[in-house]
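S.K.: One structure coming up, written as structure tokens, with questions to follow.
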Amino acid sequence: MKLAGITYKHEQSASWLKRSIFICIILGSLSLSFLFFTPPGSRIRLFLADTFIATQHREWAWIFVGVKKRDEMIQNVQQMSENNAIEKQDLNAITIQKQDGKLIDVEDIAGRGWIGKKMIVYDPRAIRVVVPSKVGQGETISSMVNRTGALAGINGGGFDDPQGLGNGFAPIGVIMSGGQILYTSVDGTVPQQVVAFDKGKLLIGKYSIDELLALHVTDAVSFYPRIIANGKALPIIGDGLNPRTAIGQRADGVIIMIVIDGRQTKSIGASLKDVQDLLLKEGCVNAGFLDGGASSEMVVGNDLITHPSSRYGERRLPSGLLIFEHPDQVKVENIWDGVTDIDPGGAYDNPGYLAEQHHLNNK
């Protein structure tokens, strides 16, 4: 009787397993049929591809749309960024007004499926680009703010980021602070995508270092795309949702900084159009993006007030835009001076990843 009972239980278990596999196959077939053979499914696949294209893992977008369509979508996004950067700004359209009283205000913002923070900087001349203090590794924005005595800060320009685990020491493009060129990856005559400040006036688009110096730009980092120019909304391609950091300036000189959380249950992320609409509503006449994804963050005083999507917490970064009560007194050292071999890092030297692997291996 006991053996018969065991046999019966085994048969029940095998029958349950077969039913489960069959159900999974049916559900998978229905899902694939929906995604690949219906208009709503096609829209979902394009949306997912757009989201991946805006990340470090853009090559994986082929899973949703195929290699040919993926490459076409990437090319279209890159062309959009190039086209949006062409028009030169009318700097005379910005009139910086003398500000008395507090330098910043911070407010909660929210949209469909996302939450974030908005920082209003009343005097744009209070903003400085700050870089890490140690050769060979980037620095978190919290550390930069604490080390320099800044009031607040957000993440800045892009960087070479192997496997999404880079050390933040290999910038992409240009970094300027206090009128000095701290880093550039190209010759001074080659236009680069920049987010820069010319005596407090926000400059966004493609400019060579020679042009930036001629305009007396003091601080700059590199990222894109520009989404508002001379009061006009620029064309946008792609509607993927991701963490975002963006910056804009009103005609009265006031700067609006936006950081939107993403890749989390409370905040999936925002599209480029979401951010453009938000900055237009704020009255920005020029605006563009800073580095996003897991790098997006905003710090005020001793508090990290947004929620970076990296599972390792704040990332080490090559640059930040920080706000100071006395910006002219801030001295930023060039940690790349004399460095000829820049290691971008990766899984082999990322503290968070290594600690995670150590924990897993010792379970």
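S.K.: From the residues in the stretch 48-71 that are among the aromatic types (Phe, Trp, Tyr) and farther than 23 Å from Ser310 by Cβ, which one is modelled with the lowest pLDDT?
M.R.: Keep residues of the stretch 48-71 that are among the aromatic types (Phe, Trp, Tyr), which gives 52, 60, 62, 64.
In the following step, the residues that additionally are farther than 23 Å from Ser310 by Cβ were identified as 62, 64.
Numbers: Trp62: 82, Phe64: 87.
Among those residues, the one meeting the criterion is Trp62.
S.K.: Quick check on this structure: which one of Tyr224, Tyr183 is part of a loop (DSSP other than H, G, I, E, B) and either of a type in the set (Ser, Thr, Tyr) or surrounded by fewer than 17 Cβ atoms within 10 Å (Cβ to Cβ) (or both)?
M.R.: Unique residue meeting the criteria: Tyr224.
S.K.: Any idea how many residues of the stretch 145-160 are within 16 Å of the chain's Cα centre (by Cα) and either at pLDDT below 95 or small (Gly, Ala, Ser) (or both)?
M.R.: Going residue by residue through the stretch 145-160, those that are within 16 Å of the chain's Cα centre (by Cα) are 153-160.
Imposing the further condition that a residue be either at pLDDT below 95 or small (Gly, Ala, Ser) (or both) reduces the set to 153, 156-158.
Count: 4.
S.K.: Output the number of residues of the stretch 91-109 satisfying the condition of being at pLDDT below 95 and charged (D, E, K, R).
M.R.: 3
S.K.: Please list, ordered by residue number, the strands (runs of 3 or more DSSP E) wholly in the stretch 67-141 having 1 or more residues that are touching a Lys or Arg at 6+ places or on another chain (Cβ under 6 Å) and among the charged types (D, E, K, R). Reasoning before the result, please.
M.R.: On the way: elements: 104-111, 114-121, 127-130.
So the answer is 104-111.
S.K.: Give me the pairs: first residue in the stretch 81-95 and more than 28 Å from Ile53 (Cα to Cα) and of a type in the set (Ser, Thr, Tyr), second residue surrounded by 13 or more Cβ atoms within 10 Å (Cβ to Cβ) and at pLDDT 95 or above, beta-carbon distance under 8 Å, and six or more apart or on different chains, which are they?
M.R.: Correct list of pairs: Thr95/Ala251; Thr95/Asp252; Thr95/Gly253.
S.K.: Now for a different question. All but one of (1) buried (at least 23 other Cβ atoms within 10 Å of the Cβ); (2) charged (D, E, K, R); (3) closer than 23 Å to Lys88 by Cβ hold for Glu297; state the number of the condition that does not hold.
M.R.: Checking Glu297 against (1) buried (at least 23 other Cβ atoms within 10 Å of the Cβ); (2) charged (D, E, K, R); (3) closer than 23 Å to Lys88 by Cβ, the one that fails is (3).
S.K.: I've got another one for you. Out of Val330, Val275, I need the residue that is surrounded by fewer than 21 Cβ atoms within 10 Å (Cβ to Cβ), aliphatic (A, V, I, L, M) and modelled with pLDDT of 95 or more. Which one?
M.R.: Only one candidate passes the filter, namely Val330.
S.K.: Mind listing whichever residues of the stretch 324-336 are in contact (Cβ under 8 Å) with a residue 60 or more places away in the chain and more than 17 Å from Gly157 (Cβ to Cβ)?
M.R.: Phe324, Glu325, Pro327, Val330, Lys331, Glu333
S.K.: Sticking with this one: Which one is surrounded by the fewest Cβ atoms within 10 Å (Cβ to Cβ), of the residues in the stretch 279-294 that are touching a residue at least 40 places away in the same chain (Cβ under 8 Å) and assigned to a helix (DSSP H, G or I)?
M.R.: Top of the filtered list is Leu280.
S.K.: Pairs only if they're at least six apart or on different chains, beta carbon under 6 angstrom, first in the stretch 344-363 and hydrophobic (A, V, I, L, M, F, W, C), second surrounded by 15 or more Cβ atoms within 10 Å (Cβ to Cβ) and at pLDDT 90 or above; list them, first residue then second.
M.R.: Ala347/Leu165; Ala347/Tyr353
S.K.: Could I ask something else about it? Determine which single condition Ile236 fails, assuming it passes every other condition in (1) over 17 Å from Ala85 (Cβ atoms); (2) among the aliphatic types (A, V, I, L, M); (3) outside any strand (DSSP E or B).
M.R.: Going through (1) over 17 Å from Ala85 (Cβ atoms); (2) among the aliphatic types (A, V, I, L, M); (3) outside any strand (DSSP E or B) one by one, Ile236 breaks only (1).
S.K.: Could you tell me which of the residues Gln276, Gln264 is polar (S, T, N, Q) and outside any loop (DSSP other than H, G, I, E, B)?
M.R.: Gln276
S.K.: Also: Here's a check for you: in the stretch 300-319, which residue that is of a type in the set (Gly, Ala, Ser) and in contact with a Pro (Cβ under 9 Å, 6 or more places away or on another chain) is surrounded by the fewest Cβ atoms within 10 Å (Cβ to Cβ)?
M.R.: This residue is Ser309.
The values are calculated or read from the model by the stated rules, or taken from the named source; none is laboratory data. Given the structure is predicted, the values throughout are model-derived calculations rather than measurements. Backbone-built Cβ (ideal geometry, glycine too); neighbour counts: all protein chains shown.
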